[in-house]
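Bear in mind these aren't lab numbers, they're just calculated from the coordinates by the rules spelled out. Computed from a prediction, not measured in an experiment: that's the story for all the values here.
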Amino acid sequence: MPVPATMIDGSLRAVADPTRRAILRLVRDREVPAGEIAAHFPAISRPAVSQHLRVLADAGLVAVRPDGNRRLYRWRREGLRDAAAFVEEMWSDRLALLKQAAEREEWPTRTRAARRRAPTETET
Amino acid sequence: MSDVEPSVVEQTVRIHARPETVWRYWTDPARMCDWWGAAADLDPQPGGTCVVEMGGGGVMRGQYVELVPHERIVFTFGWDPHADAPDIAPGSTVVEVTLTADGDDTILALRHTGLPPAAAAEHRAGWSHFLALLAAVTREDTTA
């Protein structure tokens, strides 16, 4: 049985990590340069912090704005998906599985049968 | 005619199976669990229960409204409150599924109406539980 994965979306996955949650708190109320964000995490390498920022940006949770040679990050509240987008994605995933299941039931040996059956054969 | 109007989701899928087969995937609990939930409690008659439990703990709670065998199913749709599901109260939205035979295939058309508009959803769905999640995390992080 497939594991229903539609309940978890990208934004929630992005905040599953404690460092990324800490970054979000930093950029919640103001734009913060990448360097200043990294300075808050002395135990984490710069590339690792950049990677976390990339995950947050990919999930649409932070916005990035270049400012000279700096990059400024800020929480992007409109990145949160609305209910319609959630439902749209859910139906599209689920209906694809319904299609597979119904076709498997109706044509359990579809490929083999299609090869063997004469095209004019009818079922009674 | 603005942002406050409820959203509609519409999808159509062609299935290489007869409508009566597809129908069973909306009315038979075992088959419902082949594609949607981890468990289902279905009583396919008008007013009957249509509850689908997701593996992660979310529960879709609805009621069948209309059933025309092999042709049309209408049910209400909502989630029990859950961190990972949007805030859509049971009874607040409606799903209409229409099955139309086309040769050996079925055209399944789904229309989900009454969804909270994007503007409201920012407060009601993602935003509110996102903030709740962050608040919880903040508390957790500062209790040291």
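Side notes on the structure shown:
- Distance from the alpha carbon centroid of the range B:93-107 to that of the range A:45-66 works out to 43 angstrom.
- Measuring max minus min along each principal axis, the C-alpha atoms of the range B:8-115 give extents of 43, 28, 24 Å (largest first).
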